[in-house]
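Here's the structure we're looking at; comments come further down.
The values are calculated or read from the model by the stated rules, or taken from the named source; none is laboratory data. Everything numeric in this text was worked out from a predicted model, so none of it was measured. Every residue, glycine as well, gets a Cβ built from its backbone with ideal geometry; the counts of neighbours run over all protein chains shown.
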Amino acid sequence: SLQAEFKDRLGEINKCLENMNLNNVRKTSLEIEKASYDLPKCSSDSEKIVDQILSKKTDND
């Protein structure tokens, strides 16, 4: 179902966002640097995921 897929995808997005969490004091400067490069990709992936799900929803209506 659409809702189930949305939940799965939200999990992916959350994992991605957790990786971006720079408040995590255990992160090394290298990890923080990598995370800052990953951030734009993470947010664009999130947008794509949401777009895909929304387009499916309109198809099914």
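Listed by first and then second residue, the pairs with beta-carbon distance under 7 Å, at least 6 apart or on different chains, first residue in the stretch 15-39 and surrounded by 11 or more Cβ atoms within 10 Å (Cβ to Cβ), second among the β-branched types (Val, Ile, Thr) and at pLDDT below 75, are Leu22/Ile32. Given Lys41, Lys57, Lys15, Lys48, which one is part of a helix (DSSP H, G or I), among the charged types (D, E, K, R) and either at pLDDT 80 or above or touching a Lys or Arg at 6+ places or on another chain (Cβ under 8 Å) (or both)? That would be Lys48, the only listed residue that is part of a helix (DSSP H, G or I), among the charged types (D, E, K, R) and either at pLDDT 80 or above or touching a Lys or Arg at 6+ places or on another chain (Cβ under 8 Å) (or both).
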